[in-house]
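**Student:** Mind having a look at this structure? Questions to follow.
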Amino acid sequence: MTVHSFQEHFDSLIDREIAIEPKDWMPDDYRKTLIRQISQHAHSEIIGMLPEGNWITRAPSLRRKAVLLAKVQDEAGHGLYLYSAAETLGVSRDELYNQLHTGKAKYSSIFNYPTLTWADMGAIGWLVDGAAIMNQVPLCRASYGPYARAMVRVCKEESFHQRQGFEIMLNLSNGTDVQKKMAQDAFNRWWWPSLMMFGPPDAESPNTVNSVRWRIKRLTNDELRQKFVDVTVEQAKILGLSVPDKDLKWNEERGHYDFGVINWDEFWNVVMGNGPCNKQRLETRKKAWEDGKWVRDAAMAHAAKRKERKAKAA
Amino acid sequence: MNNKRTLLDYTLRLADDALIIGHRLSEWCGHGPILEQDIALTNTALDHLGRARSLFQYAADQFNGFPAEDKKEVFSSVTLQTLLASGASIGEDDLASLRDGWDFRNVLLVEQPNIDWGYTVARSFFYDLFNYLYFTELVKSKDETISSVAEKSLKEVTYHLRWSSEWVVRLGDGTEESNKRIQQAVNELWMYTGELFVANDTDNVMQAQGISPDLGPLKTEWLARVQSVFDEATIAMPTGTWMQQGGKDGNHSEHLGYILTELQFMQRAYPGMSW
């Protein structure tokens, strides 16, 4: 086949919604876009362990501690499947780590915000994981097979995480005055960054057109954001929390909530490295990686020696 | 101490060991040298935490059944005493979060800091091997609750021991640097291993009642197995003979205070709330 006919074959698979598999021919840009998106997602899982990990040793009860530990562990697991999915596209985990550690690859900006009280564990589960699910459920039907399959498992666990976050919030909002205050404070701080999680408005989103065409993305940033607002506002009512947006209003005609203007200046600043915790998060990751070097070297050396001894014995 | 008090003291020791080692291992979550090991260590932390919870629940049941006069004498914590004065019964979180360090009964080994992967592996290996041998015997305990906790834990502890033994070998046999590091960790933690096998009054009473095992034979077996893993890892048995002790009686290292400061923060700052 000529390159032209490879392209036609690929396009026809996409159009017929047949999954693209690692050995199939794919356009370079498709491969690059996927590597960027999957590795960003993997990095987000790994960096995302830190703000929640921050409360493991301080969880308010043994039960909450166990649930939080298990949740952060799930995130490590998600990182693992996603790095594996990226590896099927011909890039190694070490190379992807290197891109993260040198600042070349991005991760979800939301994790550059600090977790200041226990209620943040609730708000992250409810809002951040909630927003992540909105983004990710359509990806279970993404055109690239290994990615779509990884996402099916990720989404199942994320929906459990979202419920546990909501349950923490519900517990706080049914609690004492100070617990209610803690819940509202966390909601105030996480609401806007959660809306930013869907990315820049469609008009300014450079990657959207191709991603939709290739069915790597199924809905646009603005469509997903609206869906999130509509669902979450109703959930906030159940919690008795007020949405920190004076412009929030139900629009009968559109059948959606109208909401205030997002501070995109803040968003881009956090993306560019000026968020409250960018430096701290990346330094922590780098330190873990560098401190672990002698351990990984030892494991490799031991494995090689064992292999050698086995070969000699045989 | 009467028999009931002794059983409570013993149950709390088992619970505190589990809680504190679980706490230390949970500090690694998100900071491990490789993702797979991060996940493995968190799993182990969860096993210990689960065991701690079962044992604290059992300890709370025992305590709640004490006559009012006895209850006043058991714990020194003002917060716990205030809670009791209100007529409330206590639960697992009160025991974990409202006792001060001198009422904690864990051995000194489990509260030692992580420092690096080598120290963490060495601490886990010493403790996991002890736990494996101890729980193998504890399954026969005449106390049904303790015996059933031991039975469930034995499966977990068998895996923990495999994990930490393999890492001792990997580090010892790996590179020159890893050999040096694991050797140093083993040497420095050695003085905290003696306490595992020193019976205090509580151990003696529990053993006499068939509730806890005889520590003597366990020590011989433990030493032999340490030697065998160290041989494979090409590291030397530490030569130090002076052993620290006191944890079982509430005399801890300075580290415990800081662990409790974090672990108990929420229950102390926002007392009497449900989470």
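The values are calculated or read from the model by the stated rules, or taken from the named source; none is laboratory data. This one's a predicted model, so the numbers in the text were calculated from it and none came from an experiment. Neighbour counts run over all protein chains shown; Cβ positions are idealised from the backbone, glycine included. The protein model used for the area step is the full one, side chains on, heavy atoms only, and it has no ligands, DNA or RNA in it. Shrake-Rupley method; radii C 1.70, N 1.55, O 1.52, S 1.80 Å.
**Student:** Counting only residues that are more than 7 Å from chain B (Cβ to nearest Cβ) and buried (at least 21 other Cβ atoms within 10 Å of the Cβ), how many does the range A:64-73 have?
**Tutor:** Number satisfying all stated conditions: 2.
**Student:** Mind listing just one residue for me: the one in the range B:210-257 that is exposed (fewer than 15 other Cβ atoms within 10 Å of the Cβ) and among the polar types (S, T, N, Q) and, of those, farthest from B:MET1 (Cα to Cα)?
**Tutor:** By that ranking, first place goes to B:THR234.
**Student:** Further, regarding this structure: Out of the residues in the range B:132-179 that are closer than 19 Å to A:ASP297 by Cβ and not in a helix (DSSP H, G or I), state the one that is nearest to the other protein chains (Cβ to nearest Cβ).
**Tutor:** If we take residues in the range B:132-179 being closer than 19 Å to A:ASP297 by Cβ and not in a helix (DSSP H, G or I), then B:GLY174 is nearest to the other protein chains (Cβ to nearest Cβ).
**Student:** Hey, another quick one. Anything in the range A:264-314 that is among the β-branched types (Val, Ile, Thr) and either open to solvent by 50 Å² or more (accessible area, probe 1.4 Å) or under 30 Å from A:VAL233 (Cα atoms) (or both)? List them, or say none. Step through it out loud before you land on a result.
**Tutor:** So in the range A:264-314, the residues among the β-branched types (Val, Ile, Thr) come out as A:270-271, A:284, A:295.
Correct list: A:VAL270, A:VAL271.
**Student:** Has the range A:238-249 got any residue that is of a type outside the set (A, V, I, L, M, F, W, C), more than 18 Å from the chain's Cα centre (by Cα) and assigned to a helix (DSSP H, G or I)?
**Tutor:** No - not one qualifying residue is present in the range A:238-249.
Matching residues to (1) within 14 Å of another protein chain (Cβ to nearest Cβ); (2) in a loop (DSSP other than H, G, I, E, B):
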| site | (1), (2) |
| --- | --- |
| A:GLY165 | yes, no |
| A:LEU170 | yes, no |
| A:LYS180 | yes, no |
| A:ALA183 | yes, no |
| A:ARG189 | no, no |
| A:PRO193 | no, no |
| A:PHE198 | no, yes |
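**Student:** If you go through the range B:91-148, how many residues are crowded, with 19+ Cβ neighbours inside 10 Å, under 23 Å from B:ASN200 (Cα atoms) and in contact with a Phe, Trp or Tyr (Cβ under 7 Å, 6 or more places away or on another chain)?
**Tutor:** So the count comes out to 10.
**Student:** Condition first: open to solvent by 20 Å² or more (accessible area, probe 1.4 Å) and without any contact (Cβ under 8 Å) to a residue 40 or more places away in the chain. Now tell me which residues in the range A:14-47 satisfy that.
**Tutor:** A:ASP15, A:ARG16, A:ILE18, A:LYS23, A:ASP24, A:TRP25, A:ASP28, A:LYS32
**Student:** Evaluate the range A:276-285: report whether one residue or more is of a type outside the set (Gly, Ala, Ser), touching a residue at least 40 places away in the same chain (Cβ under 8 Å), assigned to a helix (DSSP H, G or I) and away from chain B (no Cβ under 14 Å). Before the answer, list the steps.
**Tutor:** Just the residues of the range A:276-285 that are of a type outside the set (Gly, Ala, Ser), to begin with: A:276-285.
Subsequent filtering for residues that are touching a residue at least 40 places away in the same chain (Cβ under 8 Å) retains A:276-278, A:281-282, A:284-285.
Keeping just the survivors that are assigned to a helix (DSSP H, G or I) gives A:278, A:281-282, A:284-285.
From what's left, away from chain B (no Cβ under 14 Å): A:278.
Scanning the range A:276-285 turns up at least one residue that is of a type outside the set (Gly, Ala, Ser), touching a residue at least 40 places away in the same chain (Cβ under 8 Å), assigned to a helix (DSSP H, G or I) and away from chain B (no Cβ under 14 Å).
**Student:** Still on this structure, please answer the following. Here is a list: A:ALA86, A:ALA119, A:ALA123. Which entry is open to solvent by less than 10 Å² (accessible area, probe 1.4 Å) and either among the hydroxyl-bearing types (Ser, Thr, Tyr) or closer than 13 Å to A:GLN37 by Cα (or both)?
**Tutor:** Criteria check complete, one pass: A:ALA86.
**Student:** Can I ask one more? For the range B:1-90, list the helices (runs of 4 or more DSSP H) that sit wholly inside it and hold at least 2 residues that are away from every other protein chain (no Cβ under 11 Å) and buried (at least 23 other Cβ atoms within 10 Å of the Cβ); which are they?
**Tutor:** Working: elements: B:3-26, B:35-64, B:68-74, B:78-85.
The helices (runs of 4 or more DSSP H) meeting that bar are B:3-26, B:35-64.
**Student:** I would also like to ask the following. Any idea how many residues of the range B:230-275 are within 14 Å of another protein chain (Cβ to nearest Cβ) and either part of a loop (DSSP other than H, G, I, E, B) or hydrophobic (A, V, I, L, M, F, W, C) (or both)?
**Tutor:** Residues in the range B:230-275 being within 14 Å of another protein chain (Cβ to nearest Cβ) and either part of a loop (DSSP other than H, G, I, E, B) or hydrophobic (A, V, I, L, M, F, W, C) (or both): 17 in total.
**Student:** Regarding B:THR239, is this residue modelled with pLDDT under 95 and under 30 Å from A:ARG306 (Cβ atoms)? Reasoning before the result, please.
**Tutor:** Details: modelled with pLDDT under 95: yes; under 30 Å from A:ARG306 (Cβ atoms): yes.
Criteria met by B:THR239.
**Student:** Would you mind stating whether A:SER143 is hydroxyl-bearing (Ser, Thr, Tyr) and either open to solvent by 20 Å² or more (accessible area, probe 1.4 Å) or free of Cβ contacts under 8 Å to residues at least 24 places away in the same chain (or both)? Steps first, please.
**Tutor:** Details: hydroxyl-bearing (Ser, Thr, Tyr): yes; either open to solvent by 20 Å² or more (accessible area, probe 1.4 Å) or free of Cβ contacts under 8 Å to residues at least 24 places away in the same chain (or both): no.
Judged against the criteria, A:SER143 is not a match.
**Student:** Among the residues of the range A:48-58, is any more than 7 Å from every other protein chain (Cβ to nearest Cβ), buried (at least 23 other Cβ atoms within 10 Å of the Cβ) and under 21 Å from A:ARG153 (Cβ atoms)?
**Tutor:** Scanning the range A:48-58 turns up at least one residue that is more than 7 Å from every other protein chain (Cβ to nearest Cβ), buried (at least 23 other Cβ atoms within 10 Å of the Cβ) and under 21 Å from A:ARG153 (Cβ atoms).
**Student:** Read through the list (1) on the phi > 0 side of the Ramachandran plot; (2) away from chain A (no Cβ under 14 Å); (3) not polar (S, T, N, Q), then give the number of the only condition that B:TRP190 fails.
**Tutor:** With respect to (1) on the phi > 0 side of the Ramachandran plot; (2) away from chain A (no Cβ under 14 Å); (3) not polar (S, T, N, Q), B:TRP190 is out only on (1).
**Student:** Counting only residues that are part of a loop (DSSP other than H, G, I, E, B) and surrounded by fewer than 20 Cβ atoms within 10 Å (Cβ to Cβ), how many does the range A:200-214 have? Explain how you work it out, then say what you get.
**Tutor:** Here is the first cut: in the range A:200-214, the ones part of a loop (DSSP other than H, G, I, E, B) are A:200-201, A:205-207, A:214.
Pick out the ones that are also surrounded by fewer than 20 Cβ atoms within 10 Å (Cβ to Cβ) and you get A:200-201, A:205-207.
Of the residues in the range A:200-214, 5 are part of a loop (DSSP other than H, G, I, E, B) and surrounded by fewer than 20 Cβ atoms within 10 Å (Cβ to Cβ).
**Student:** If a residue has to be touching a residue at least 60 places away in the same chain (Cβ under 8 Å) and within 15 Å of B:GLY272 (Cα to Cα) to count, how many in the range A:169-178 make the cut? Give the steps one after another, and end with the answer.
**Tutor:** The first filter runs over the range A:169-178 and keeps only residues touching a residue at least 60 places away in the same chain (Cβ under 8 Å), leaving A:169-170, A:173.
If we keep only those that are within 15 Å of B:GLY272 (Cα to Cα) as well, we get none.
So the answer is 0.
**Student:** Being of a type in the set (Lys, Arg) and either under 18 Å from the mean Cα position of the chain (by Cα) or away from chain A (no Cβ under 14 Å) (or both) is the requirement here; does B:ARG225 meet it? Explain how you work it out, then say what you get.
**Tutor:** Details: of a type in the set (Lys, Arg): yes; either under 18 Å from the mean Cα position of the chain (by Cα) or away from chain A (no Cβ under 14 Å) (or both): yes.
So B:ARG225 passes the test.
**Student:** Conditions first: (1) at pLDDT below 95; (2) surrounded by fewer than 19 Cβ atoms within 10 Å (Cβ to Cβ); (3) not small (Gly, Ala, Ser). A:LYS217 passes all but one, so which condition is the exception?
**Tutor:** Here A:LYS217 clears every test but (2).
**Student:** Using beta carbons and a limit of 7 Å, which pairs, at least six apart or on different chains, have the first residue in the range B:76-92 and touching a residue at least 60 places away in the same chain (Cβ under 8 Å) and the second one open to solvent by 50 Å² or more (accessible area, probe 1.4 Å)?
**Tutor:** Partner pairs satisfying both residue conditions: B:THR79/B:PRO271.
**Student:** Follow-up question, since we're still on this one. What is the number of the single condition among (1) of a type in the set (Gly, Ala, Ser); (2) open to solvent by less than 10 Å² (accessible area, probe 1.4 Å); (3) within 17 Å of the chain's Cα centre (by Cα) that A:SER159 does not meet?
**Tutor:** Condition (2) is where A:SER159 drops out.
**Student:** Quick check on A:VAL261: is it open to solvent by less than 20 Å² (accessible area, probe 1.4 Å), out of contact with any helix residue (DSSP H, G or I) (no Cβ under 9 Å at 6 or more places or on another chain) and more than 13 Å from chain B (Cβ to nearest Cβ)? Don't jump to the end; show me each part of the working.
**Tutor:** On the way: open to solvent by less than 20 Å² (accessible area, probe 1.4 Å): no; out of contact with any helix residue (DSSP H, G or I) (no Cβ under 9 Å at 6 or more places or on another chain): yes; more than 13 Å from chain B (Cβ to nearest Cβ): yes.
Against the criterion (open to solvent by less than 20 Å² (accessible area, probe 1.4 Å), out of contact with any helix residue (DSSP H, G or I) (no Cβ under 9 Å at 6 or more places or on another chain) and more than 13 Å from chain B (Cβ to nearest Cβ)), A:VAL261 does not qualify.
**Student:** Okay, next question. Taking B:SER212 as the residue in question, decide whether it is within 19 Å of B:ASP100 (Cα to Cα) and within 19 Å of the chain's Cα centre (by Cα).
**Tutor:** On the way: within 19 Å of B:ASP100 (Cα to Cα): no; within 19 Å of the chain's Cα centre (by Cα): yes.
So B:SER212 fails the test.
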